[in-house]
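The values are calculated or read from the model by the stated rules, or taken from the named source; none is laboratory data. None of these values were measured; they are calculated from a predicted model. Ideal geometry is used to build each Cβ from the backbone, glycine not excepted, and the neighbour counts take in all protein chains shown.
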Amino acid sequence: MSVDWVTILAQVGNFLVLVWLLKRFLYKPILNGIDAREAEIATRMGEAEVARKKAAAAEAAFLEQKQKLLADNSVNAERIREQAEQEKDALLADTRKNLEREKQDWQSHLEAERERFTRELHLASAETLYRLVRRALHDLADEDLEEHIALNVIGKLKPLVRELTSAAGRSEQAIATTHTPLPENTQEKIRAALERLAPGLSLSFTTDARQAPGLILRIGSVQVAWTVDSYTDELTGLLADRLAAGGSGRVNNHG
């Protein structure tokens, strides 16, 4: 069996193009926004410097006024000096507070943009990886793999049989569909396992070339799938939930 390397390489190329597009059309606007924000902060700092100079000039004016009034009324001169000090301190404190608030707001905004970009890049990368994994599994799947999946179903029927038989109602017929015919001994093993778990429920086997490799069990209107697509779909869901939650760590095995 040969692997469709051309398709896989094309998918990898698509992934690289996707990363380039994200950098050009998503991250570049973010950087432009950062530059604009930095320019705004620089302007505000310039305004703060002007305010500081005004405060210094006001202090100098008050000190000059104090010197003029000192000879006539030392009490009034001291009051004016204290007022000048208070106004200067209040102006400087307000300027520092505004600058600190602007700095914190900017840092929060920048961190949020970085997290958003990283999350979107991870999701886009994961989506491309899902396609590659599914394509590779379909290309590598053969009758032996499908038989292994079918035999693995035996161990998964026991916790589901009560739910399946209850949901199926009065149906006495179960149908197992595979991509290719299963060996007779494998069919008998699955049929015997189902008979032990649900006596009186007969099982027949059929094939569907359009179905992904694996086994789909139908009892009445109830259907349970153990196929290459169902495994990759579950992996997709688990990883998507992990990325959405911002978590990390290994994903549990298929259950």
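The set of residues from the stretch 152-179 being within 37 Å of the chain's Cα centre (by Cα), closer than 18 Å to W226 by Cα and surrounded by 12 or more Cβ atoms within 10 Å (Cβ to Cβ) comprises N152, V153, I154, K156, L157, L160, V161, L164, A176, T177, T178, H179.
Within 30 Å of T236 (Cβ to Cβ) and at pLDDT below 75, is that true of L69?
Details: within 30 Å of T236 (Cβ to Cβ): no; at pLDDT below 75: yes.
In short, no.
I'm trying to understand the selection: among the residues of the stretch 30-44, which are modelled with pLDDT of 75 or more and either of a type in the set (D, E) or surrounded by fewer than 13 Cβ atoms within 10 Å (Cβ to Cβ) (or both)? Listed by number, the residues that qualify are N32, D35, A36, E38, A39, E40, A42, T43. Applying the condition of being within 41 Å of the chain's Cα centre (by Cα) and part of a helix (DSSP H, G or I) to the stretch 187-215 and asking which residue is surrounded by the fewest Cβ atoms within 10 Å (Cβ to Cβ) yields L197.
Could you check, for the stretch 216-232, whether at least one of its residues is surrounded by 12 or more Cβ atoms within 10 Å (Cβ to Cβ), over 37 Å from the mean Cα position of the chain (by Cα) and at pLDDT 75 or above?
Taking every residue of the stretch 216-232 in turn, at least one turns out to be surrounded by 12 or more Cβ atoms within 10 Å (Cβ to Cβ), over 37 Å from the mean Cα position of the chain (by Cα) and at pLDDT 75 or above.
With respect to the conditions (1) surrounded by 15 or more Cβ atoms within 10 Å (Cβ to Cβ); (2) modelled with pLDDT of 70 or more; (3) basic (K, R); (4) closer than 30 Å to L217 by Cβ, R134 lacks only one, and its number is (2).
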